[in-house]
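Peer 1: Take this structure first; my questions come after.
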Amino acid sequence: MIKIDKHLPAPHGIAPVLVRRAPKLVLPFGDRSKSRLRAVLDNGTEAALFLPRGTVLRGGDLLVAEDGAFVEVQAAAESVLQVTAADGLALMRAAYHLGNRHTPVEVGRDYLRLEYDAVLADMLARLGVNAERAELPFEPEAGAYGGGHKHGHDATFAEDYAAAQAVFHEHHGESHAHAHGHSHARGHSHSHGYDHDHEHDHDHGHDHVHDEHCGHKH
């Protein structure tokens, strides 16, 4: 078994002749999102990956084994939904609704591609776009704050969301004064537009307005 602990993202500048000669590591996207993995190369060699946490491998990347040997990463064909539409606006709406569900999506010039899911296939049909099941390589967009494969329930998503909140409050929360107005009754609840709801009990001794400038974290 060879140990692989170095990652050269494409474009890496390695001579094409060396890349062609290198054994291939062919994996679906889920496995290419793991930093610790045992796999078998296309030449039958067993390999153990020990990469930095958060590493996401893409087709065309190179890996370097402990002995200096190169291994080329290739994206395996997997079950996906290929989404197309005659109307560009319909495709944008589909992308919006998929994004609301934190669904990893590959964005092409005239298509969207996501892991096959029967529920999402039904939703997309209702949105008026074509969603066909196919066996194709899957290379979704990386997360907006770094990383790659993101789901709403993943720890990595929570980290990205916290980073986004920190940026927002850095630019908005500290630069605005509190606004005061009407009174809140005790025991009221707030409903947030996320995938989960929160209820907060407040016992304010003063009048207070909750808006985008109040500086409170919800």
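Throughout, read-outs are computed from the coordinates displayed, never taken from laboratory work. A quick note: this is a predicted structure, and the numbers were derived from the prediction, not measured. So basically every Cβ, Gly included, is an ideal-geometry build from the backbone, and we count neighbours across all protein chains shown.
Peer 1: Between Met92 and Arg21, what is the label-point separation in nm under the 7 Å Cα-to-beta-carbon projection?
Peer 2: 5.0 nm
Peer 1: Contour minus end-to-end for Glu135 and Ile2, with contour as 0.36 nm per residue of separation and end-to-end as the Cα-Cα distance?
Peer 2: Contour length minus Cα-Cα distance gives 44.9 nm.
Peer 1: Quick one: check the C-alpha center-to-center distance for region 97-133 versus region 1-18, whole angstrom.
Peer 2: About 32 Å separates the Cα centre of region 97-133 from the one of region 1-18.
Peer 1: With a sphere of radius 14 Å drawn around the Cβ of Asp122, what net charge do the other residues whose Cβ falls strictly inside it have (Lys, Arg +1; Asp, Glu -1)?
Peer 2: With Lys, Arg at +1 and Asp, Glu at -1, the net is +1.
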